[in-house]
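J.: Sharing a structure here in structure tokens format.
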Amino acid sequence: MSTCDTTIPIDRSMCNAPRHGTVLAYNDYGCRCPDSRTLATRYRRDIRNGTHTPQRTHSAGTGRRLRALAAIGWPSTLLADRLGCTFEWVGQLQREVNAQVHLTTAQRVAALYDELADIPGPSDRARGHAARAGWDAPDAWWYADIDDPNAQPDRLHPDPDDVDEVVVERLITGEHHNPRAATHAERQAAARIMRDRGFTHTRICRLLDIAHGTAYRLLAA
Ligand SMILES: [Zn+2]
């Protein structure tokens with residue numbers, strides 16, 4: 001989703017924001033990387049001049065994220081509250097009624113997804129509805145590019161509640177080559193054991209390849 005077209009990689013080591021390179025990252029996440037600054041400046045100028053034309057993107061990633069959140073128990077009403085829209089609109093996005101969505105919508109949904117995709121939601125009704133509709137959970141998208149309309153979800157992935165003790169141990173020792181392929185329950189079990197063994201928060205995040213906020217939620221749940 002980066003709008004940066006330079007071939008020189010941007011040094012983000014001095015920026016602590018969780019998201020980079022977009023107007024949303026600049027406005028909502030405090031990113032001050034050069035590409036964000038340029039885009040935010042241009043955005044403000046266009047708004048001022050009345051020349052701002054909302055950018056659009058394919059609706060697949062947005063629909064998949066909202067369906068995946070439903071699959072792990074996040075109801076449309078709660079998602080709508082967080083997105084500042086109606087639950088009917090969440091339903092439209094989940095069914096991909098329109099082939100395209102505003103880029104800002106896609107970015108807000110992506111940010112919400114990053115926040116919630118690791119946490120089981122409160123609604124069995126949402127889970128049941130999603131299961132009957134055949135909606136894929138976030139685990140199906142660890143390997144596949146959720147924003148690529150042609151990408152296929154990984155339906156062979158084990159149940160998110162499965163715990164393989166060997167996988168947990170490999171996560172803890174750092175021998176697991178792709179921590180994100182572990183199930184939610186495995187990541188959570190590993191995080192708890194590491195905390196109990198006195199691992200620092202940063203080390204837990206590095207071993208599980210997750211953000212700090214995700215680690216806090218894994219440990220709090
Ligand atoms: Zn940044």
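J.: Within region 89-102, does at least one residue satisfy the condition of being surrounded by fewer than 19 Cβ atoms within 10 Å (Cβ to Cβ) and among the β-branched types (Val, Ile, Thr)?
T.: Scanning region 89-102 turns up at least one residue that is surrounded by fewer than 19 Cβ atoms within 10 Å (Cβ to Cβ) and among the β-branched types (Val, Ile, Thr).
J.: Separate question: Determine whether Gly73 is in contact with a Ser or Thr (Cβ under 8 Å, 6 or more places away or on another chain), under 23 Å from Tyr143 (Cα atoms) and either in contact (Cβ under 8 Å) with a residue 60 or more places away in the chain or in a loop (DSSP other than H, G, I, E, B) (or both). Please lay out each step first, then the result.
T.: Numbers: in contact with a Ser or Thr (Cβ under 8 Å, 6 or more places away or on another chain): yes; under 23 Å from Tyr143 (Cα atoms): yes; either in contact (Cβ under 8 Å) with a residue 60 or more places away in the chain or in a loop (DSSP other than H, G, I, E, B) (or both): yes.
Yes; evaluated as a whole, the condition is true for this residue.
J.: Starting from region 14-41, take each residue that is within 23 Å of Arg56 (Cβ to Cβ) and aliphatic (A, V, I, L, M) and list its partners that are near the ligand (Cβ under 9 Å from one of its atoms) and at pLDDT below 85, counting only C-beta distances under 6 angstrom and pairs at least six apart or across chains.
T.: Ala25/Arg19
J.: Any chance you could count how many residues in region 199-215 are part of a helix (DSSP H, G or I) and modelled with pLDDT under 85?
T.: If we filter region 199-215 for residues that are part of a helix (DSSP H, G or I), which is where we start, we get 201-208, 212-215.
Narrowing the set further to residues that are modelled with pLDDT under 85 leaves 212-214.
Summing the residues that are part of a helix (DSSP H, G or I) and modelled with pLDDT under 85 in region 199-215 gives 3.
J.: Now for a separate question. Against the definition (at pLDDT 85 or above and more than 13 Å from the ligand (Cβ to nearest atom)), how does Ala60 come out, yes or no? Full working, then the answer.
T.: Details: at pLDDT 85 or above: yes; more than 13 Å from the ligand (Cβ to nearest atom): yes.
For Ala60, the condition - at pLDDT 85 or above and more than 13 Å from the ligand (Cβ to nearest atom) - is met.
J.: Only one of these is within 16 Å of the ligand (Cβ to nearest atom), among the β-branched types (Val, Ile, Thr), over 15 Å from the mean Cα position of the chain (by Cα) and modelled with pLDDT of 90 or more: Thr77, Thr41, Thr86. Name it.
T.: Thr41
J.: Can you tell me which of Ala25, Ala17 is under 17 Å from Asp114 (Cβ atoms), touching a Gly at 6+ places or on another chain (Cβ under 6 Å) and within 16 Å of the ligand (Cβ to nearest atom)?
T.: Values: Ala25 fails: touching a Gly at 6+ places or on another chain (Cβ under 6 Å).
Result of the check over Ala25, Ala17: Ala17.
J.: Same structure again: Give the residues of region 113-124 that are in a helix (DSSP H, G or I) and buried (at least 18 other Cβ atoms within 10 Å of the Cβ), sorted by residue number. I'd like the intermediate steps shown before the answer.
T.: To start, the set of residues in region 113-124 that are in a helix (DSSP H, G or I) comprises 113-116, 124.
Scanning region 113-124 gives Tyr113, Leu116.
J.: Given the criterion exposed (fewer than 15 other Cβ atoms within 10 Å of the Cβ), under 19 Å from the mean Cα position of the chain (by Cα) and under 16 Å from Ala137 (Cβ atoms), identify the matching residue among Arg180, Arg187.
T.: Arg180
The values are calculated or read from the model by the stated rules, or taken from the named source; none is laboratory data. Owing to the predicted nature of the structure, the values given are computational and were not obtained by experimental measurement. Note: ideal-geometry Cβ built from the backbone for every residue, glycine included; neighbour counts use all protein chains shown.
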